[in-house]
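Below is one structure, written out as structure tokens; the observations come after it.
The values are calculated or read from the model by the stated rules, or taken from the named source; none is laboratory data. Fair warning: this is a prediction, and the values are worked out from it, not measured in the lab. Every residue, glycine as well, gets a Cβ built from its backbone with ideal geometry; the counts of neighbours run over all protein chains shown. When the accessible area is computed, the model is the full protein with side chains, heavy atoms only, and any ligands, DNA or RNA have been set aside. Shrake-Rupley method; radii C 1.70, N 1.55, O 1.52, S 1.80 Å.
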Amino acid sequence: MAIQLNNNLVNNTNSSNSAATSTGTNSATEQKQDANNQDDIKLSTRAQKIQKLNEEFFPNGPGSLRITGDFIQRLYDYGFISQSEAENLGGRIADSELPKNLENISNNLSIISDRVKLIDSSDSLIDILKRSGAILNNLDGSNPSELAKDISSVNAELANYLNSDDAEKLTDDEKKALDELSVALRIADRMNPANLSTSKLNQYLSFL
């Protein structure tokens with residue numbers, strides 16, 4: 001009888017442990033599903049805002065975008081940037097005499113890159129400009145590329161370069177063009193935060 005009672009105890013204990021494990025697993029699964037649902041909602045909302053920006057400011061593709069005060073204001077209205085960022089970007093736009101459209105900025109990158117290659121084909125600026133061009137081309141999420149990742153890192157590398165002795169080879173106009181690029185990269189970084197999946201964003205955009 002004692003053995004039978006002990007077996008029952010073991011069986012009951014195992015059943016309880018299994019139930020607890022099952023409950024814990026279900027809870028973890030539900031939490032994961034809730035997190036995924038929240039991510040999907042964020043992605044959907046962000047995609048809708050980007051689509052509105054697209055329609056209002058660059059209906060002919062990212063290259064047609066002009067970074068104006070109105071565009072900065074809309075980024076703030078949609079929650080892509082803070083008030084202090086809007087004020088900072090607005091000041092930089094005034095200093096650099098923007099707006100130029102992104103196509104103009106991208107063309108400047110090619111011209112600068114070609115000239116720097118003639119001086120030093122291994123210059124780090126060449127790779128920075130190559131990645132920057134891919135980022136600008138993917139501003140609306142329609143042209144994903146491995147080169148378009150880590151936008152903040154690219155902008156930081158650009159800033160470091162401009163503050164280094166290597167920048168002495170650049171003309172004043174080239175430095176001004178690269179400052180305009182920095183503004184564009186900062187905006188691109190706010191529109192494409194690292195915690196959002198570009199592939200998912202593209203899926204939402206395709207249905208809008």
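In table form, for the structure just shown:
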| read-out | value |
| --- | --- |
| Which numbered condition N7 misses (of (1) part of a helix (DSSP H, G or I); (2) modelled with pLDDT of 55 or more; (3) open to solvent by 70 Å² or more (accessible area, probe 1.4 Å)) | (2) |
| Failed item in (1) open to solvent by 80 Å² or more (accessible area, probe 1.4 Å); (2) touching a Ser or Thr at 6+ places or on another chain (Cβ under 9 Å), with L118 passing the rest | (2) |
| Flag if A194 is in a helix (DSSP H, G or I) and either modelled with pLDDT of 80 or more or open to solvent by 70 Å² or more (accessible area, probe 1.4 Å) (or both) | no |
| Test: E30 is open to solvent by 70 Å² or more (accessible area, probe 1.4 Å), at positive phi and either at pLDDT below 90 or of a type in the set (D, E, K, R) (or both) | no |
| Where a residue in segment 80-91 is within 13 Å of E180 (Cα to Cα) and part of a helix (DSSP H, G or I) and its partner, wherever it lies, is open to solvent by 30 Å² or more (accessible area, probe 1.4 Å) and of a type outside the set (G, A, S), with Cβ under 8 Å and at least six apart | L89/R186 |
| Test for S153: is it surrounded by fewer than 21 Cβ atoms within 10 Å (Cβ to Cβ), in a loop (DSSP other than H, G, I, E, B) and of a type in the set (G, A, S) | no |
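Each row is one residue, and each column tells you yes or no for (1) over 18 Å from the mean Cα position of the chain (by Cα); (2) among the small types (G, A, S).
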position: K52; (1), (2): no, no
position: E56; (1), (2): yes, no
position: G63; (1), (2): no, yes
position: I81; (1), (2): no, no
position: L89; (1), (2): no, no
